[in-house]
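*Asks:* My structure is below; once you've seen it, I'll send some questions.
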Amino acid sequence: MRILITGCSSGIGEATARRLLTAGHELIGVSRHRPALAASGIDWIEADLSDPDLDPAEWLRPELAVAGVVHAAGIMHTGVLGRRDAQGAAAMWRLHVEAPARLLDALTRQAHPLRRVVLIGSRTQQGAAGKSDYAASKAAQQGLVRSWARELLSAPATVNLVAPGATDTPMLRDPARADVAPALPPMGRFVTPEEVAACVAFLFDDEARSITGQTLTVCAGASL
């Protein structure tokens with residue numbers, strides 16, 4: 001399957017790209033920075049998906065025949081009430097909500113049908129102090145997934161959300177989030193990007209063809 005994956009240059013996106021390549025899929029990667037695995041058979045597109053003027057239709061050529069999508073691109077801006085980062089909130093909404101919406105809108109106009117769509121969300125969609133705008137943008141993804149799953153039933157295509165808890169990625173170690181440091185999950189370790197990637201890869205298997213409109217939470221017990 002030819003899969004378009006965003007945020008492929010680091011963290012969960014990079015781990016997922018590696019896992020999908022190993023599974024034999026053809027990948028088109030979209031990111032701001034050139035991924036280290038660009039030499040491994042991934043067709044890379046340089047793009048900033050948080051750009052409000054970006055039109056994916058300009059680089060989604062018909063011959064690409066994209067059958068699957070993983071939207072893993074993400075950013076986090078934090079701030080408690082009274083010190084809210086309005087500019088950061090707008091950037092998160094553009095990247096987490098508007099970007100996948102524009103992407104799916106363009107891809108559903110192509111001649112080649114979509115078969116699998118996976119958005120990387122966050123367990124934080126349930127709410128977290130100091131992360132209200134981030135949580136809101138991630139919670140909105142669940143609305144997108146549930147709606148698109150209904151719209152694409154006749155394709156037939158599956159649309160799902162993988163929602164990790166605190167995952168050991170560069171975002172986790174970002175000094176900018178020092179005021180809202182991640183809590184260690186009850187299992188005593190952070191989730192690894194490879195664990196999240198394995199869940200995404202499963203959703204692209206034939207055995208997952210009846211799973212759609214669902215949220216798979218990977219949190220090392222943080223939701224219990």
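The values are calculated or read from the model by the stated rules, or taken from the named source; none is laboratory data. Keep in mind that this is a model prediction, so the values were computed, not measured. Quick reminder, even Gly has a Cβ in these numbers, built from the backbone with ideal geometry, and neighbours come from all protein chains shown. Side chains are part of the model used for accessible areas, which takes the heavy atoms of the whole protein and leaves out ligands, DNA and RNA. Shrake-Rupley method; radii C 1.70, N 1.55, O 1.52, S 1.80 Å.
*Asks:* Counting only residues that are surrounded by 21 or more Cβ atoms within 10 Å (Cβ to Cβ), farther than 13 Å from LEU4 by Cα and among the basic types (Lys, Arg), how many does the range 101-130 have?
*Replies:* Here the count works out to 1.
*Asks:* Within the range 1-26, count every residue that is touching a residue at least 40 places away in the same chain (Cβ under 8 Å), surrounded by fewer than 20 Cβ atoms within 10 Å (Cβ to Cβ) and assigned to a strand (DSSP E or B).
*Replies:* 1
*Asks:* Return a yes/no flag: does the range 202-212 have any residue that is touching a residue at least 60 places away in the same chain (Cβ under 8 Å), open to solvent by less than 40 Å² (accessible area, probe 1.4 Å) and within 21 Å of MET76 (Cα to Cα).
*Replies:* no
*Asks:* In addition: Output the number of residues of the range 75-100 satisfying the condition of being open to solvent by 30 Å² or more (accessible area, probe 1.4 Å) and either under 12 Å from the mean Cα position of the chain (by Cα) or within 21 Å of ALA208 (Cβ to Cβ) (or both).
*Replies:* 1
*Asks:* Restricting the search to the range 180-202, which residues are out of contact with any Ser or Thr (no Cβ under 7 Å at 6 or more places or on another chain) and assigned to a helix (DSSP H, G or I)?
*Replies:* Correct list: GLU194, GLU195, ALA198, CYS199, ALA201, PHE202.
*Asks:* Does SER154 qualify as being open to solvent by 40 Å² or more (accessible area, probe 1.4 Å), within 30 Å of GLY221 (Cα to Cα) and of a type in the set (S, T, N, Q)?
*Replies:* Spelling it out, it is not the case that SER154 is open to solvent by 40 Å² or more (accessible area, probe 1.4 Å), within 30 Å of GLY221 (Cα to Cα) and of a type in the set (S, T, N, Q).
*Asks:* Is it true that some residue in the range 171-193 is out of contact with any Asp or Glu (no Cβ under 9 Å at 6 or more places or on another chain) and modelled with pLDDT of 95 or more?
*Replies:* No, the conditions are met nowhere in the range 171-193.
*Asks:* Go through (1) in contact with a strand residue (DSSP E or B) (Cβ under 9 Å, 6 or more places away or on another chain); (2) in a helix (DSSP H, G or I) and name the single condition ASN160 misses.
*Replies:* It is condition (2) that ASN160 fails.
*Asks:* Of all residues in the range 34-74, how many are open to solvent by 40 Å² or more (accessible area, probe 1.4 Å) and either under 18 Å from ARG102 (Cα atoms) or among the hydrophobic types (A, V, I, L, M, F, W, C) (or both)?
*Replies:* 13
*Asks:* Moving to a separate point now. Can you work out which of the residues in the range 131-144 that are within 14 Å of the chain's Cα centre (by Cα) and not small (Gly, Ala, Ser) is most open to solvent (accessible area, probe 1.4 Å)?
*Replies:* It comes out as GLN142.
*Asks:* Here are some residues: GLY41, GLY79, GLY29. Which one is touching a Leu at 6+ places or on another chain (Cβ under 9 Å) and in contact (Cβ under 8 Å) with a residue 24 or more places away in the chain?
*Replies:* GLY29
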